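Participant: Dumping the structure here so I can ask a few things about it.
The values are calculated or read from the model by the stated rules, or taken from the named source; none is laboratory data. None of the values given here were measured: they were computed from a predicted structure. With ideal geometry, Cβ positions are generated from the backbone for all residues, glycine too; neighbour counts draw on all protein chains shown.
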Amino acid sequence: MMNMNTVKLNNGVEMPQIGYGVYQVSPAECERCVADALSVGYRMIDTAQAYHNEEGVGNAVRRSGIDRKEIFLVSKVWISNYGYEKAKASIDESLRKLQTDYIDLMLLHQPFCDRYGAYRALEEAYKEGKLRAIGVSNFYPDHFIDIASNMEIVPAVNQVETHVFDQQIEPQRIMEEFGTRIMSWGPLAEGRNGFFTNPMLAEIGSKYGKSVAQVALRWLIQRGVIIIPKSIHIERMQQNTDISNFELTDEDMATIATLDMGYSLFFDHYDAKTTHMFME
């Protein structure tokens, strides 16, 4: 079983630092994948309304026989459900699909549309006990500072693209000023930019008998980042968690820091094309 390191959120809730993400896992495959992830020791599962697989997650959790209190569920409200009333209804729908009476962490998925109304719905559901913690996703520093400064409840988490090529050093510092935890999506850069054959990561890995992926994930863990690596293969799921038995040196950490390109490998939320894409 994996070593379950947890981090404490700004409201005192303990959250596993490593979880299993189901982005781009088909609804048909989702239940099996989550069942496999739970069987090898994952206790945090990250889904979203937009992934169309919340039901598969709910089925796997229910059938696992694991006490619900031991599993940390994360989901996200999609922008088509923004605005107070729609977001409120969508939270209840997510609860129904996940077959649970509470979600451990609910995020706003994108910084577009009526995010204030949607966030008020998160705050209300949090006070009602339907959500144990609330936060945001893909909020760049400007949108993040805005919502963290103006809403009643400061986000517990901001989930953003974070990996060796887009390291989010300054955004993480800003989040920490507000007591908000950074959570990475795409911690393995989805293999882009020659990630899995990166010679620097491979060389560091060879010192510890670890893979490129394990080095990159360990580097995030040592920075205090919450991670949700995704694989549909059970062996890879196990490898992605087998990172607690070695520690990168300060020199290793500094070497990996030089890989930072400082921009997204996926989409830039300041780019008009990105905004158009999300509005479609």
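Participant: Among residues belonging to the range 125-143 that are in contact with a helix residue (DSSP H, G or I) (Cβ under 7 Å, 6 or more places away or on another chain) and in a helix (DSSP H, G or I), point out the one that is nearest to Tyr82 (Cα to Cα).
Facilitator: Ala125
Participant: Looking at the range 116-132, is at least one residue at positive phi and either in contact (Cβ under 8 Å) with a residue 60 or more places away in the chain or surrounded by fewer than 24 Cβ atoms within 10 Å (Cβ to Cβ) (or both)?
Facilitator: In the first step, residues of the range 116-132 are kept if they are at positive phi; the result is 129.
With the extra rule that they be either in contact (Cβ under 8 Å) with a residue 60 or more places away in the chain or surrounded by fewer than 24 Cβ atoms within 10 Å (Cβ to Cβ) (or both), the set shrinks to 129.
Scanning the range 116-132 turns up at least one residue that is at positive phi and either in contact (Cβ under 8 Å) with a residue 60 or more places away in the chain or surrounded by fewer than 24 Cβ atoms within 10 Å (Cβ to Cβ) (or both).
Participant: Moving on. Just to check your reading of the model, which residue among Arg173, Arg192 is in contact with a Leu (Cβ under 6 Å, 6 or more places away or on another chain), charged (D, E, K, R) and either modelled with pLDDT of 95 or more or surrounded by 18 or more Cβ atoms within 10 Å (Cβ to Cβ) (or both)? Write out each step before concluding.
Facilitator: Details: Arg173 fails: in contact with a Leu (Cβ under 6 Å, 6 or more places away or on another chain).
Just a single option satisfies the conditions, and that option is Arg192.
Participant: Hand me the list of helices (runs of 4 or more DSSP H) wholly inside the range 159-244 holding 3 or more residues that are within 25 Å of Leu105 (Cβ to Cβ) and not hydroxyl-bearing (Ser, Thr, Tyr).
Facilitator: Working: elements: 169-177, 199-208, 212-222, 234-241.
Those helices (runs of 4 or more DSSP H) span 169-177, 212-222, 234-241.
Participant: Another question about this same structure. Can you name the residue in the range 136-151 that is among the small types (Gly, Ala, Ser) and in contact with a strand residue (DSSP E or B) (Cβ under 9 Å, 6 or more places away or on another chain) and, of all such residues, is nearest to Thr180 (Cα to Cα)?
Facilitator: Of the residues in the range 136-151, the ones among the small types (Gly, Ala, Ser) are 137, 148-149.
If we keep only those that are in contact with a strand residue (DSSP E or B) (Cβ under 9 Å, 6 or more places away or on another chain) as well, we get 137, 148.
Details: Ser137: 12, Ala148: 9 Å.
Among those that are among the small types (Gly, Ala, Ser) and in contact with a strand residue (DSSP E or B) (Cβ under 9 Å, 6 or more places away or on another chain), it is Ala148.
Participant: Would you check if there is a residue in the range 83-93 being modelled with pLDDT of 95 or more, of a type outside the set (Ser, Thr, Tyr) and within 24 Å of Pro187 (Cβ to Cβ)? Even if it seems obvious, please write down each step before you answer.
Facilitator: Filtering the range 83-93 down to residues modelled with pLDDT of 95 or more leaves 83-93.
Checking the rest, the ones that are also of a type outside the set (Ser, Thr, Tyr) come to 83, 85-89, 91-93.
This time we only want the ones that are within 24 Å of Pro187 (Cβ to Cβ), so: none.
Taking every residue of the range 83-93 in turn, none turns out to be modelled with pLDDT of 95 or more, of a type outside the set (Ser, Thr, Tyr) and within 24 Å of Pro187 (Cβ to Cβ).
Participant: State which residue pairs qualify: first residue under 20 Å from Gln167 (Cα atoms) and inside the range 264-275, second residue surrounded by fewer than 16 Cβ atoms within 10 Å (Cβ to Cβ) and of a type in the set (D, E, K, R) in any location, beta carbons under 6 Å apart, and separation of 6 or more residues or different chains.
Facilitator: So the pair list comes out as Leu265/Arg192.
Participant: Would you confirm, using the coordinates I've provided, whether Leu107 is in contact with a strand residue (DSSP E or B) (Cβ under 9 Å, 6 or more places away or on another chain), assigned to a helix (DSSP H, G or I) and touching a residue at least 40 places away in the same chain (Cβ under 8 Å)?
Facilitator: Details: in contact with a strand residue (DSSP E or B) (Cβ under 9 Å, 6 or more places away or on another chain): yes; assigned to a helix (DSSP H, G or I): no; touching a residue at least 40 places away in the same chain (Cβ under 8 Å): yes.
Criteria not met by Leu107.
Participant: Then there's this: Looking at Ile234 and the list (1) touching a Phe, Trp or Tyr at 6+ places or on another chain (Cβ under 7 Å); (2) farther than 17 Å from Asp166 by Cβ, which single condition is not satisfied?
Facilitator: (1)
Participant: All but one of (1) of a type outside the set (A, V, I, L, M, F, W, C); (2) in contact with a Lys or Arg (Cβ under 8 Å, 6 or more places away or on another chain); (3) surrounded by 20 or more Cβ atoms within 10 Å (Cβ to Cβ) hold for Pro187; which doesn't?
Facilitator: (2)
Participant: Further question: Just the residues that are more than 20 Å from Gly191 (Cβ to Cβ) and either in contact (Cβ under 8 Å) with a residue 60 or more places away in the chain or hydroxyl-bearing (Ser, Thr, Tyr) (or both), please, taken from the range 154-166.
Facilitator: Pass one, the range 154-166, residues more than 20 Å from Gly191 (Cβ to Cβ): 154-158.
Listed by number, the residues that qualify are Val154, Ala156, Val157.
Participant: Just one of the numbered conditions (1) in contact with a helix residue (DSSP H, G or I) (Cβ under 6 Å, 6 or more places away or on another chain); (2) more than 17 Å from Val136 (Cβ to Cβ) is not true of Ala28; which one?
Facilitator: (1)
Participant: Further question on the same structure: Name the single residue, out of those in the range 189-240 being basic (Lys, Arg) and in contact (Cβ under 8 Å) with a residue 60 or more places away in the chain, that is nearest to Glu31 (Cα to Cα). Full working, then the answer.
Facilitator: Filtering the range 189-240 down to residues basic (Lys, Arg) leaves 192, 207, 210, 218, 223, 230, 236.
Filter again for in contact (Cβ under 8 Å) with a residue 60 or more places away in the chain, leaving 192, 230.
On the way: Arg192: 27, Lys230: 14 Å.
Here the answer is Lys230.
Participant: On to the next question. Tell me, which residue of the range 1-55 that is of a type in the set (Gly, Ala, Ser) and at pLDDT below 95 is surrounded by the fewest Cβ atoms within 10 Å (Cβ to Cβ)? Before the answer, list the steps.
Facilitator: As a first pass, look at the range 1-55 and keep what is of a type in the set (Gly, Ala, Ser): 12, 19, 21, 26, 28, 35, 37, 39, 41, 48, 50.
Remaining after also requiring at pLDDT below 95: 26, 28.
Numbers: Ser26: 13, Ala28: 9.
Looking at residues that are of a type in the set (Gly, Ala, Ser) and at pLDDT below 95, I get Ala28.
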